[in-house]
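Let me begin by presenting the structure, written as structure tokens, before commenting on it.
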Protein chains: 2
Amino acid sequence: MKDITSQQNKVLNCIQVYIKKTGFPPTRADICRELGFKSPNSAETHLRALEKKGFIAIESGTSRGISIINPEIEHDGNDYPIIGLVAAGSPTLAAENVEKVFNCPQGFFGSNFDYFLRVRGLSMKDAGIMEDDLIAVKKTQDIKNGDIVIARIDDEVTVKYFHRHSPKIVHLQPANEEFSNIEIDLEHTELFIEGKSVGLIREN
Amino acid sequence: MKDITSQQNKVLNCIQVYIKKTGFPPTRADICRELGFKSPNSAETHLRALEKKGFIAIESGTSRGISIINPEIEHDGNDYPIIGLVAAGSPTLAAENVEKVFNCPQGFFGSNFDYFLRVRGLSMKDAGIMEDDLIAVKKTQDIKNGDIVIARIDDEVTVKYFHRHSPKIVHLQPANEEFSNIEIDLEHTELFIEGKSVGLIREN
DNA sequence: CATTATACTGTATATATATTCAGTATTAAT
DNA sequence: ATTAATACTGAATATATATACAGTATAATG
């Protein structure tokens, strides 16, 4: 991150305060009013400098299209997206997959997490994971045997217990007698671990 | 807070997701694009309804002037006590029974609730309620058949399904084959309903 | 010394955006 | 039976806003 001048810093602070106060970013004219500039171009040039230095992003042709780039806080907020667990396809954070956002204190489940996954089916019933429950998913590859993982096999997403039997063989175990074990030979089948469950929420 | 319709809820979620994604609120046209409306007035009317009901604030004459109102900030009830489910004794809100307090937005589970109850035992296992889970309890006497209730029988507190068989007979059903039904004759035994479960949280 | 970045004022304008008006249709409440 | 609320389409418009262009001035850089 490059240097910031004192005037640019004033503008950056002004944007942050404005968003905190109103809930949306300022216009060029708003910035002028707050900082006493008499020309909207004063704000414009400062914004372009801040953009060039990577402090903010400006959406072209968009009113109030300023967003603050905060690299140190990835999951700053309290709003976590709820992703639907579709039978096929990966549960990415793309907008079309986001059911809604759920307000929840950070570190709610001890460790941090990235999103909620809406559970479909009863394959983890005996682990107390029921249909429509929300699993708090932490995106990580740090998996231990017995962890409940969110795994993707050929675009099929599933929630199961993880058990590594040998370097090449992984078992994905359901917690329901009616479902059978999935045995995966990593040499022949690609297995991607989206993350693991660190908590659960049920809304009645 | 008044009721919200499903379409209005979609719009509200859309706004939250849009802000999360872009850093600034959507325009009427943005909402139309996200939700498939063909007229900006569709978004406008939904926004006005949400404003009227107190979910959002709209700054007049201001582009993207939408801000989401968070009622849990005004009502300071963010800290909910966790009560241990002791074999004997009532789970009152008395200080000695409070394990710790848990920070959680109000209205987290749709309806409001009063405290968390730490579950002991596996009598509700098949309902997905496991040992050490936290049940969100709403203190109410408004119980329907099939609700999961927190009941007290002679200082014994238990979590079970509620089924009224006749004006005088109530069945408290576990969700575990290894436990048996509790049949209560209200003429001979006193039954007090502490409240019902409106949600569940599991910390892994 | 020419160049570049900073730091402004001031004017102008295409367009992004809120917002009103005119309709249609369905459902719930009084 | 009538009102009110919901849920839209479609068009029109005043204005809010981004953004380019024309200047002036200072300080730092190579």
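So which of A:Lys125/A:Lys160; A:Lys10/A:Lys53; A:Lys196/B:Lys20; A:Lys21/B:Lys20 end up more than 19 Å apart by C-alpha?
In this structure, A:Lys196/B:Lys20 exceed 19 Å between Cα atoms.
When a/c reaches 1.5 or more, the comparison of a/b and b/c decides; with that in mind, is the range B:6-70 rounded, prolate or oblate per its Cα gyration tensor?
Taking the square roots of the gyration eigenvalues as a ≥ b ≥ c, the range B:6-70 is rounded.
Which whole-Hz couplings ³J(HN,Hα) result when phi for each residue of the range B:39-56 is put into the Karplus expression 6.51 cos²θ - 1.76 cosθ + 1.60, θ = phi - 60°, listed in order with x for Gly and Pro?
Rounded to whole hertz, the list is 10, x, 5, 4, 5, 3, 5, 5, 4, 5, 5, 5, 5, 4, 8, x, 8, 9.
Given label points at 7 Å from Cα along Cα→Cβ, what nm distances, shortest first, separate B:Ile58 from the same residue in every other copy?
Between copies, matching label points for B:Ile58 lie 3.0 nm apart.
Using θ = phi - 60° and the Karplus relation 6.51 cos²θ - 1.76 cosθ + 1.60, list the HN-Hα couplings for the range A:193-201 in order, rounded to whole Hz, with x at every Gly or Pro.
8, 6, x, 10, 7, 10, x, 8, 10
Using a 1.4 angstrom probe with every protein chain in place, what is the largest-first accessible-area order of B:Thr140, B:Thr45?
The ranking, largest first, comes out as B:Thr45, B:Thr140.
The values are calculated or read from the model by the stated rules, or taken from the named source; none is laboratory data. The model shown is predicted, which means the values in this text are computed figures rather than measured ones. Cβ coordinates were reconstructed from backbone atoms using ideal geometry, including for glycine residues, and neighbour counts include every protein chain displayed. The accessibility values were calculated without ligands, DNA or RNA, using every heavy atom of the protein model including side chains. Shrake-Rupley method; radii C 1.70, N 1.55, O 1.52, S 1.80 Å.
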